[in-house]
Amino acid sequence: MKKRRRYIIAGNWKMNKTAAEAVELARGVAREWGNEAGVEVVLCPPFTALESVARTLEDSSVLLGAQNMYPADAGAYTGEVSAQMLRHFNVSHVILGHSERREYFAESDAFINEKVLAALGNDLIPILCVGETLEQREQGDTLGVVDAQVRGGLKQVTIEDAENLVIAYEPIWAIGTGKTATPQMAQEVHASIRGILADLFGSGPADTIRIQYGGSMKPGNAAELLSQPDIDGGLIGGASLEAQSFSGIVGAAAKAR
Ligand code: PGA
């Protein structure tokens, strides 16, 4: 039986692609998957390419996401971008709390929580990223670290808003390293995240929230990861920078059960 939750495959292009290159990549993805109804496909280019990619995706079912935002509506925040500015480009999703932002830009759970609330308040779907370092995993702290990040990131989120959340479990040691969590390792953490969501919002809403896996997901390992009961999609970095490999992962989701 197919899972009740619709798979969501998102490409996190990080700080890659000029606007022109981004349009080319988006065209390639839209050509393959622009009419796909079974899988939610989201492309997250850098800010500088959002407008041109938005135009490229206008007549396709492929959705547009941003990689970050600032929680305030407007004001003196040099270099930052607000939820409303993103909405203007038809952005529907926003990645928040990615481990690279936590590490290089010192983002705390409290700050990420402000962003999650601002995103939801502006009808953006937050993709809240959580995940442990290698050291934390080796010390047996994985579930505790993820628990604190999920609860910290979702403070004050209402039950009504909960169904608009997406969580991405991304073990930091698997990001961009070619090392993937085994399907069993990932499933254990995904199940534990669903348990936390049930504790926060009740089991009904928790059953509807998609939890993506991220960390060296590729066409070759996607099917097995996606077949796990609590893995509802992927957040793809490296393999999303090329239409063919990204399409391979979307294809695996389209076939997964
Ligand atoms: P990766 O990145 O697929 O290159 O490991 C995933 C991510 O950071 O979202």
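Some points to look at:
- Net length gained if the chain between residue 19 and residue 3 were fully extended (0.36 nm per residue, minus Cα distance): 2.2 nm
- Note on residue 155: lysines with a C-alpha under 20 Å away, same-chain residues under 8 apart excluded, are 115.
- The trypsin sites (Lys or Arg not before Pro) of region 1-39 that meet both conditions, a loop assignment by DSSP and at most 16 other Cβ atoms within 10 Å of the site Cβ, are 2, 3, 4, 5, 6.
- Take the Cα of residue 48, step 7 Å toward its Cβ, do the same at residue 35, and the gap between the two points is 3.6 nm.
- Segment residue 108-residue 224, extension gain: residue separation times 0.36 nm, minus the distance between their alpha carbons: 38.5 nm
- For region 88-138: rounded, prolate or oblate by the Cα gyration tensor [a/c cutoff 1.5]: prolate
- Rg/Rh ratio calculated on Cα atoms of region 2-256 (Kirkwood radius): 0.93
- Cleavage-rule hits, GluC sites (Glu not before Pro), region 46-140, DSSP coil, Cβ neighbours within 10 Å at most 16: 58, 80
- Whole-number percent relative contact order across the chain, with pairs defined as alpha carbons under 8 Å at least 6 apart: 21
- Given their separation in residues at 0.36 nm each and the Cα-Cα distance between them, residue 72 and residue 163 gain 30.5 nm when the chain is fully extended.
- Region 34-169 - percent relative contact order, Cα under 8 Å, separation 6 or more: 20
- Given 12 as the ceiling on other Cβ atoms within 10 Å, longest exposed-site-free region of the chain for chymotrypsin sites (Phe, Trp or Tyr not before Pro) in DSSP loops: 106-257
- Counting only DSSP H runs of at least 4 residues, each contributing -39500 (n - 2.57), and dividing by the residue count of the chain, the helix-based mean residue ellipticity at 222 nm comes to -12500 deg cm²/dmol.
- Highest-fluctuation residue, 28, 144, 75 considered, GNM on the chain with Cα pairs under 10 Å: 75
- Cα-based shape type of region 1-146, given that a ≥ b ≥ c are square roots of the gyration tensor eigenvalues and the cut on a/c is 1.5: oblate
Rule-based calculations on the coordinates, nothing more; no lab input. Computed from a predicted structure; not experimentally measured. For neighbour counting, all protein chains shown are included, and Cβ atoms are generated from backbone atoms with ideal geometry for every residue, glycine included.
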